[in-house]
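Written below as structure tokens is the structure these notes are about.
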Amino acid sequence: MAASRRLLAIADDLSGAAEVAAALHSRTTRSRVLLIGRPGAVNGGVARALRPRHPGEATVLDLDSRYRPATEAAEAVREALRLSSPDENAPDALDTLVLKKIDSLLRGNVAAEIAALAEGGAGVVLAPALPIAGRVVRSGVVHLGGVALHESDAWRAETLPPPASVAHALGGLPTALVPLTTVRASRRTLLTALRTAAAAGRVAICDAETDADLDAVVEAALAEGPRMRLVGSGGLALALGRHLRTTLNAIGAGAAPAATGKRGAPAADAAPAAPPADMAVGAARAAASPASAGRPVLVVVGTAEPAAAEQVRRLVEDGAVHHQLPLAELLSGGAPVRLPPLTAPVTVVSLGAPSGAPDPAPPHGAVATDTAPLPSPRPAPEAITPAAAPGPAPSPTPRPTPDTPPTPASPPVDTADRTEPNRPDGQTGKQPGAVSGRRLVLGLARVIGDAVAAHHGAVDLVLTGGETARRVLDALAVAELDPVGQVHHGAVHLSTPDGRSVVTRPGSFGDPDSLRQIVQALRPHSTEWKVTP
């Protein structure tokens, strides 16, 4: 890959976009995240912003498409591709390398977006494995800790059952499985398999269990040039970052390629997929501006996963002020929920206080234990248009049985924020006691936006969950972010144009000390004091 080639990465939520930007940032001259709205909202200013400011720059777009109807998600991908190369006759029109970030658990509009990527005869190489998180692909099936995705509870907050395979997630799109034996064979063998799939108009689904497997996929795919489009999780983004670092070092400094070892197992002296946590925390601390020392940190936890509750408990144990927001009030549309002034060094806001609680700010250390995971804000299945791409390709809606109810572990999901067209009585048909994930996240974002606006001075943010992060930044009118580094895997430190810090992290990521590490990276001394009861 030439150092001057453009690199466009497309993500369907903000956590994914931040993860990709961090994976590429230290390996290319620069990377940045642009938050793009719904189709038709982009303009010439966005088109100009997509043009690289530096050789080898990576532009990462958050299309905010995971929970849109499938047709809208597909059109958002097409628009991003058009913006990246608006003039098809320009000499460099085909010189844009495209990476599409998808969820490693195959949630979202995977089929519709890949169908849009494949239009025009582009080859698509799909490798969703995320080895660092224990998510691998064997025989075309995603496994988590050795358990097949469709046999796990990873989709318990979704309204549909998980796909039985990666091909199943693509609906009727034509696919070709590239087994692990081929991925670990010679580069020529793997390249031949990818070429054969592309020539037949099939999406090449690659098995992968290690970072070295993903390195092999990237190396072979890029040998075909930018017409071969990459699709995968953060694991594939890291592999691309490693490849670019080696390539740019060889071009700019004549450096020898980094050792990769025998395919199938990382070499002992190979570059790590991500910096160790202590090094990353140190880098994040070093990047913090001295002016940030007096700014409050607002931690927003947009999930009620038990793991997140424990992370909050530990941060509160360090002295952070904790406010739990009552779900009923967030959903009611009545008087807005208000946070007290942000006077503490660290404030944590989470969901799950029971309805009717007298005080939305329970004592320090009190974390709700009877809450279920935040439901998906995905629209009702009938709201998703069956076909997302023109032509003979079958419906990209991948999951049958749209009437399958949510699993008992999750509260009923109110997907009827609109009236159903097949109900002449105008009733919504939502289940009693149902919780609307979309309305809940929007209500949370309004509370955070009001609190930040009321504070005199800048506030740094820690946002867990891609949907939560996007809605909060939308409420604050933040449209561009520059990556600073990673605190730990998935926890990406970014900066707004006016210098505020934003750390995003998927809701379920991180060990019990994740939020501690993030806050300590931003404010090394902010939580060393204790609150005495």
- Query: Counting only residues that are at pLDDT 95 or above and of a type in the set (D, E, K, R), how many does the range 135-167 have?
  - Reply: 3
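Could you tell me whether E119 is open to solvent by less than 30 Å² (accessible area, probe 1.4 Å), out of contact with any Leu (no Cβ under 8 Å at 6 or more places or on another chain) and under 26 Å from V60 (Cβ atoms)?
On the way: open to solvent by less than 30 Å² (accessible area, probe 1.4 Å): no; out of contact with any Leu (no Cβ under 8 Å at 6 or more places or on another chain): yes; under 26 Å from V60 (Cβ atoms): yes.
Against the criterion (open to solvent by less than 30 Å² (accessible area, probe 1.4 Å), out of contact with any Leu (no Cβ under 8 Å at 6 or more places or on another chain) and under 26 Å from V60 (Cβ atoms)), E119 does not qualify.
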- Task: Collect the residues in the range 449-459 that are assigned to a helix (DSSP H, G or I) and either touching a Ser or Thr at 6+ places or on another chain (Cβ under 9 Å) or of a type in the set (S, T, N, Q) (or both), keeping them in residue-number order.
- Result: A451
- Query: Which condition does R78 not pass, out of (1) of a type outside the set (F, W, Y); (2) more than 23 Å from I10 (Cβ to Cβ); (3) open to solvent by 30 Å² or more (accessible area, probe 1.4 Å); (4) within 21 Å of the chain's Cα centre (by Cα), if it passes all the others?
  - Reply: (2)
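Within the range 487-498, identify whether any single residue is of a type in the set (G, A, S), part of a helix (DSSP H, G or I) and touching a helix residue (DSSP H, G or I) at 6+ places or on another chain (Cβ under 8 Å), and answer yes or no. Working first, answer last.
Initially, the range 487-498 is screened for residues of a type in the set (G, A, S), giving 490-491, 495.
Those still in the list that are part of a helix (DSSP H, G or I) too: none.
No, that holds for no residue.
Does L230 fit the bill of being modelled with pLDDT of 85 or more and either charged (D, E, K, R) or closer than 30 Å to A127 by Cα (or both)? Quick ask: steps written out before the conclusion?
Numbers: modelled with pLDDT of 85 or more: yes; either charged (D, E, K, R) or closer than 30 Å to A127 by Cα (or both): yes.
Answer is yes for this residue.
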- From the list P179, P162, which residue is in contact with a Phe, Trp or Tyr (Cβ under 6 Å, 6 or more places away or on another chain) and within 28 Å of G146 (Cβ to Cβ)? P162
- Item | Condition met for V178 (modelled with pLDDT of 95 or more and out of contact with any His (no Cβ under 6 Å at 6 or more places or on another chain)) | yes
- Task: Filter the range 475-520 down to residues that are charged (D, E, K, R) and over 16 Å from the mean Cα position of the chain (by Cα), then give me how many there are.
- Result: 5
- Message: Step by step: first the residues of the range 166-181, then only those that are open to solvent by less than 30 Å² (accessible area, probe 1.4 Å) and in a helix (DSSP H, G or I), then the one that is nearest to E209 (Cα to Cα). Which residue is that?
- Response: V166
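Filter the range 100-114 down to the residues that are among the small types (G, A, S) and within 11 Å of the chain's Cα centre (by Cα), then identify the one that is farthest from E151 (Cα to Cα).
Restricting attention to the range 100-114, the residues satisfying the condition of being among the small types (G, A, S) are 104, 108, 111-112.
Now drop any that are not within 11 Å of the chain's Cα centre (by Cα), which leaves 104, 108.
Working: S104: 15, G108: 19 Å.
It comes out as G108.
The values are calculated or read from the model by the stated rules, or taken from the named source; none is laboratory data. Owing to the predicted nature of the structure, the values given are computational and were not obtained by experimental measurement. We place every Cβ from the backbone using ideal geometry, glycine too, and count neighbours over all the protein chains shown. We work out accessible area using only protein heavy atoms, side chains counted, and drop any ligands, DNA or RNA first. Shrake-Rupley method; radii C 1.70, N 1.55, O 1.52, S 1.80 Å.
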